[in-house]
1. Looking for something closer than 19 Å to B:A130 by Cβ and either within 14 Å of chain A (Cβ to nearest Cβ) or not charged (D, E, K, R) (or both) - is there at least one such residue anywhere in region B:4-18?
2. So which residues in region B:42-52 are without any contact (Cβ under 8 Å) to a residue 40 or more places away in the chain and more than 8 Å from chain A (Cβ to nearest Cβ), if there are any at all?
3. Go through region A:53-68 and give me each residue that's within 14 Å of chain B (Cβ to nearest Cβ) and of a type in the set (D, E).
4. With respect to A:D141, is the statement that it is part of a helix (DSSP H, G or I), over 23 Å from A:H30 (Cα atoms), away from chain B (no Cβ under 14 Å) and free of Cβ contacts under 8 Å to residues at least 40 places away in the same chain true?
5. Going residue by residue through region B:88-99, is there one that turns out to be in contact with a Phe, Trp or Tyr (Cβ under 9 Å, 6 or more places away or on another chain), within 14 Å of chain A (Cβ to nearest Cβ) and not small (G, A, S)?
6. Mind counting the residues in region A:121-134 that are surrounded by fewer than 19 Cβ atoms within 10 Å (Cβ to Cβ) and of a type in the set (S, T, N, Q)?
7. If you scan region B:7-32, which residues turn out to be on the phi < 0 side of the Ramachandran plot, part of a loop (DSSP other than H, G, I, E, B) and at pLDDT 95 or above?
8. Pick out the one residue from B:V51, B:V71, B:V106, B:V60 that is touching an Asp or Glu at 6+ places or on another chain (Cβ under 9 Å), β-branched (V, I, T) and either crowded, with 18+ Cβ neighbours inside 10 Å or over 27 Å from A:K134 (Cβ atoms) (or both).
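The values are calculated or read from the model by the stated rules, or taken from the named source; none is laboratory data. Keep in mind that this is a model prediction, so the values were computed, not measured. Don't worry about glycine lacking a Cβ; one is built from the backbone with ideal geometry, like all the others, and counts go over all protein chains shown.
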Number of protein chains: 2
Amino acid sequence: MDLPQIVDLRQSPAALRVQRGVMRLLRGQHDFCCFAEVPLANGRRADVLAVGPKGEIWIVEIKSSLIDFQVDAKWHHYKDFCDRFYFAKPPELDPDIFPESEGLIVADAHDAAILRQAVEDPLPGARRKALTLKLARLGADRIHTLMDPNEM
Amino acid sequence: MDLPQIVDLRQSPAALRVQRGVMRLLRGQHDFCCFAEVPLANGRRADVLAVGPKGEIWIVEIKSSLIDFQVDAKWHHYKDFCDRFYFAKPPELDPDIFPESEGLIVADAHDAAILRQAVEDPLPGARRKALTLKLARLGADRIHTLMDPNEM
């Protein structure tokens, strides 16, 4: 079945494989509900943003190659929008390129595992509230667009 | 394009036409982001649940025939889960069958209009917070299922 385009899919096939495994892990093992490619108020875009049962927000930034990591000098800005931040990498990428201070997930297209837990740095209440509302509206709109593609 | 099944589509074709028009109205004219068929904590299912820019929650209950309205003795339970409650009806259905105390929308598959505004009855803060989180997670899961249909 060809699925309609849900997100803009600017990511590489390698990054999409990692994304799929990460989302399976977070939902299946941690009961987090996952959005892909979430635009943030700072203009960046979270590769995976997951919402936990108590409203916890985790962001996962996918880096599929060394250069992909090296060219991104601003990844720390994601940490303003989540309680925990993880990098995610494919199995073949050296884990030692990632800062030891951050969480790390290894993933392929089928599964994933947390190699290093992220430190929790809780969001301020007002930001969590605003972000949760924004996500509820984002999810509704993405589904609505699929249900009624001719209307937009 | 055949769309994948997003919701369970237990509704009649007549109700689905009304649903589409209602969702277009709420998004296009009121900046509300709409979910279809939202399960509520009381076991009922809201036909359309819409989230406003400030977190307002509106529920729209679709009645496509007189009998459809008459057999539902428990519609008032929706009002525990929203700030405003509306019935929605197709153009051919008599508006006078609906209680004057409630909001009323007329809709076809292309458009809709509010015939009578609903009275605002604001949700308690804790319920709004819990519902908004639930919607964020619901939206994420519905999209995730579409992105990765073989995983569920």
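1. no
2. B:N42, B:G43, B:R44, B:R45, B:A46, B:G52
3. The one that is within 14 Å of chain B (Cβ to nearest Cβ) and of a type in the set (D, E): A:E56.
4. So A:D141 fails the test.
5. no
6. 0
7. If the condition is that a residue be on the phi < 0 side of the Ramachandran plot, part of a loop (DSSP other than H, G, I, E, B) and at pLDDT 95 or above, then B:F32 is the only one that fits.
8. After applying the criteria, what remains is B:V60.
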